[in-house]
Each structure stands twice: as structure tokens, then as C-alpha cells.
Amino acid sequence: MADFRFSNTHAEWMARDAKSVMGWRYDPPIVFRGGKGTKIFDVDGNEYYDLTSGMMSQTLGHAHPEIVEAIREQAELLCHESSWYSNPWLIEFAELLGSTLPGNLSVMDFAVTGSEANEVAFRMAIAKSGKFDIVSVIRGLHGGNLAVESVTTVGGARKHSLGPLLMPSRAAAILPPLCYRCLVNLTYPGCDIGCLKTSEQLMEFTTTKSVAAIIAETVPVSGGMIVPPKEWLPRLAMLARRWDAMLVLDEAQLAPARTGKMWGFQHYDVVPDILTFGKGVSAGFAICGAITTPEIAAEVRGKCGLPWAGTYTGDPFPAAIALKQLQIVIRDGLAERSGRMGAHLRARLEEEILPFGIIGDIRGLGLYQMLDVVEDKRGKNPDPAGAERIRYNLMMEGVATIAVRNMVRIVPPLIITEAEIEDVVGRMRTAVKQAEAGYPRDVDFSRSSSLAAEAPVAAE
Ligand SMILES: Cc1ncc(COP(=O)(O)O)c(C=O)c1O
């Protein structure tokens, strides 16, 4: 099998990165310096499809001409200001984002990261209810600040050795609707969503019974693209109501328009009390936030440090770029397009990739799909090393993606065309075939992001 050939300059960048930058890196630790549309370019000029849309944030791909123009214009106008004053771009962005939402979700408290947005949601829920327990769903990821890390349950090394910095609320977690490997050994639809019935018992026995909020990713993505059956979210909302708890939905991975709807929860018959956004809505320029109703906003103002505002929250620069991106997403009907292109992508993956013995399942919504890589189809045992081999081979085929544990992500910019999907699926077939044959054989993946997260860490 051919292997990577990097120039001396590229190898030098990699060595300098390893020496001076503390970050997770895959093998090979490719250094990028350009991007256009669905492609990203390394420092040698090699082209790769960007199947991660940056960090799931470049909704319109790289260097979209209208976004580039908006960046130029805004750079000359106003980039940063005191977050205790406002600006027209922020107000318009808030109004436009609100106009895409059902119910009365129209007031937003902005943040810089998705983690911060979820912590703002916690502040809102605690301020509204006067209660403290936050219940989360196992395999959910809500960020890396310590409060949200406490309710993040995707496994790996991220929580190791943090000891008392994590809050006790980490114990209050309920079961995910992972039908492919059902945690209560039932089969949908006959199960009558048994995982949720068990979950109510978990809440009964693991919380203080004083629950401020249930937080869930509408589709738990990092925990394995757990697309819930249609009944799960409505019943979770009912559970929240029975417990007089707020329902917080985290859509950092899903919005806008990626799943075939503007918001992921629009696939289900629910409206959350608080909704958080990041990544794709931010257009890659770090404008995230928590959205709630005017009634809740009025009630929580002045409590629990709300409204939340830091140095960069609601800055004119990211607001203007996110506004421009959202205008384009709406103008070009990208939610509907993602549904259509996603259905095509999924059908092609099922035809060409699912038949391989190491692909147990393909899950996802719209233009966010994942390969569940297994030792074999019958046993369904997750195979993270297999996922790493696929990721490595995909890079060699000119397709950049990420593997997290045994899952390989397919998250292209929403502008991807049918011809590009066809090209990507063809390259993927080659990559998976090589991985199934055991290639690459001599690459040490132990420091690669997804497997390093599995490594044992010093005792807590
Ligand atoms: C669902 C979800 N929520 C929140 C976050 C945290 O976002 P950020 O990295 O911007 O803090 C992530 C990050 O991956 C995420 O996937």
C-alpha cells in the first residue's frame, strides 16, 4: 500500500507543532493552510475533502465568497466592543435566529463557546427553578468547562483525575436510546421505549429529587450518533414536565440546517424550554448561546449571574459573519437541501460501505452520518483501531475526517454536490477495503486523538 509523502517543509511544521503546541493530533499530524468550498489544503498543496466541516462549524464550506466579503466589510467597520453595549449585527442575528424557531424561543444570551452556552443554560435552569440537580443522558457531550464536563458522559480520558473539580451532578445520568446496542436488551418498537422507563427509575434513585433541568443533545452525536426513535424526545419532554424540570436541548452539533431541518428537534414533536447552539451556527467565528422564552428570561434576569457576558460575547465581528451565514442558509433553502442530499448520501453509503464486514451500522440525519466500526457484524463489538485505520486510509485517499472511538464521521459542508458525494463514497470504499484487509499495519495510533482518549490514565 502506498503511504504518505510529505515535503521536508511539511515535516518541519509537524515537528514544530509537536514541540510548541499542546493539542490532540491524529497520525499523521497534517498541517493545513488553505480551504475552498468542500476542500481543505495542506502545506504541501495536497487537497482533501473536508468531511468534518472544520470542527463541524463551516456550514457553507471554506472561503465562501459572500462570507469572505462580509469578513472584509466587517473588519473595516467594527470587530470588538464592550459586551455591555450592543451592535446592530448582534440584534439582527438574534432576531433572525429567533425567527427560525417555533414556540416562544426568542431571547438569547450569547457566549463564546458551546460549553459556555450550556453553562448559561444551567444558570437559567437553576435560577428559574431554585433547584440544583442537572440530569444528563449517558453518551452526551456538552463541553469541556468543568460544570458541563461533569454532565458529559462520552467516556475516554477527558474526566480522568479531575476529582472534586467535577460536580456531583455527574451521577444523575439517564440511558440513551441506542437501539443498535440496546442498554436494556429490548428491540424497538416492541420495547415501548423501555430505556426511558428505566431512566425514570434512575432519576428517582440517583438525584436529590430536586431536578432543575434535563439536558440532552437532540441527537447525541459524539457518543455515537444516537438518532432517537420518534417517541423518545416527546417522552423525555413529558418526563421533564412530570419532574417540573426544564428541558434543555443542546444543538451545537446539529444546527443550522444540517439534519434536514433548521433545528434537529424539529424532527420530533417537542419544543425545549432552553436551546443551546454553537459550531455550525457560529460559522466558525465563536458566537454561541442559550435561547429561551421572554418569560423565562425575565424571571432569571439578575439571578445566578445572568445575563451572562464575558469579554467577547456578542462581538460585532462574529455576529456579522454568523448573520450573513444564516441569511444564506435561509435564502438557499439549505435545510431542505441537506435532507435531500443527506438521503442520497445515506443511500450510497448503505449500498457501497455498509456491506463491508467491519461496518456494523450507519447512523445519522441529513448531512451528518457516522460509520459504526465493529470487529464483526454479529458481535457488534466496537473496533476503535478499525475506525482509526479507516480514517488514516481516507486521508490517503484525499478525504479528511475524524474518528472518535469506533465511529467515523461524515460531516461535509452543506454545499456538497451529488458528484462530490459520489467521489467521496468511491474513495471511502477503497479506504474501508484496505482497513478490512488490515492496512495500515505498522502505524502506531496510540497517540491519535480517538485512541489516546482510550488509554489508561493515572489513578484518580
Ligand atoms: C453537543 C455539544 N455541545 C457542546 C460542545 C462544546 O462546544 P465548544 O467546544 O464550543 O465549547 C460540543 C463540542 O464538541 C458538542 O459537541
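The values are calculated or read from the model by the stated rules, or taken from the named source; none is laboratory data. Bear in mind that the values here come from a model prediction, so they are computed numbers and not experimental data. Virtual Cβ from ideal backbone geometry, glycine too; neighbours counted across all protein chains shown.
Summary table
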| read-out | value |
| --- | --- |
| Within segment 237-253, tally of residues that are more than 16 Å from the ligand (Cβ to nearest atom) and either in contact with a strand residue (DSSP E or B) (Cβ under 7 Å, 6 or more places away or on another chain) or in a helix (DSSP H, G or I) (or both) | 9 |
| Failed criterion for Gly98 (all others in (1) surrounded by fewer than 18 Cβ atoms within 10 Å (Cβ to Cβ); (2) within 13 Å of the ligand (Cβ to nearest atom) hold) | (2) |
| Filter result for Ile134 (β-branched (Val, Ile, Thr), at pLDDT 80 or above, surrounded by 22 or more Cβ atoms within 10 Å (Cβ to Cβ) and more than 16 Å from the ligand (Cβ to nearest atom)) | no |
| Segment 199-243, subset within 18 Å of the chain's Cα centre (by Cα) and on the phi > 0 side of the Ramachandran plot, residue surrounded by the fewest Cβ atoms within 10 Å (Cβ to Cβ) | Gly224 |
| Among (1) more than 26 Å from Arg363 (Cα to Cα); (2) of a type in the set (Asp, Glu); (3) part of a helix (DSSP H, G or I); (4) in contact with a Gly (Cβ under 8 Å, 6 or more places away or on another chain), the one test that Glu149 misses | (1) |
| Pair list, Cβ under 6 Å, 6 or more apart: segment 209-227 residue without any contact (Cβ under 8 Å) to a residue 60 or more places away in the chain, other residue more than 9 Å from the ligand (Cβ to nearest atom) | Thr218/Leu249; Thr218/Gly264; Thr218/Phe265 |
| Selection count, segment 85-129, where residues are in a helix (DSSP H, G or I) and out of contact with any Pro (no Cβ under 6 Å at 6 or more places or on another chain) | 27 |
| Ala70, sole failed condition from (1) touching a helix residue (DSSP H, G or I) at 6+ places or on another chain (Cβ under 6 Å); (2) closer than 24 Å to Val425 by Cα; (3) of a type outside the set (Val, Ile, Thr) | (2) |
| Qualifying strands (runs of 3 or more DSSP E) (wholly inside segment 15-68; at least 1 residues being away from the ligand (no atom under 16 Å from the Cβ) and free of Cβ contacts under 8 Å to residues at least 60 places away in the same chain) | 32-36, 39-42 |
| Single residue of segment 16-54 satisfying the filter (among the hydroxyl-bearing types (Ser, Thr, Tyr) and surrounded by 13 or more Cβ atoms within 10 Å (Cβ to Cβ)) that is farthest from Glu420 (Cα to Cα) | Tyr26 |
| Residue count for segment 163-175, restricted to those that are on the phi < 0 side of the Ramachandran plot and either out of contact with any Ser or Thr (no Cβ under 9 Å at 6 or more places or on another chain) or within 12 Å of the ligand (Cβ to nearest atom) (or both) | 1 |
| Residue under evaluation Phe122, criteria (1) among the aromatic types (Phe, Trp, Tyr); (2) modelled with pLDDT of 95 or more; (3) away from the ligand (no atom under 16 Å from the Cβ), criterion not met | (3) |
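Quick grid of which residues meet (1) assigned by TED's automatic domain parsing to the domain that holds Ala400; (2) within 22 Å of the chain's Cα centre (by Cα); (3) of a type in the set (Gly, Ala, Ser):
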site	(1), (2), (3)
Trp13	yes, no, no
Lys19	yes, no, no
Ser57	yes, yes, yes
Glu73	no, no, no
Cys79	no, no, no
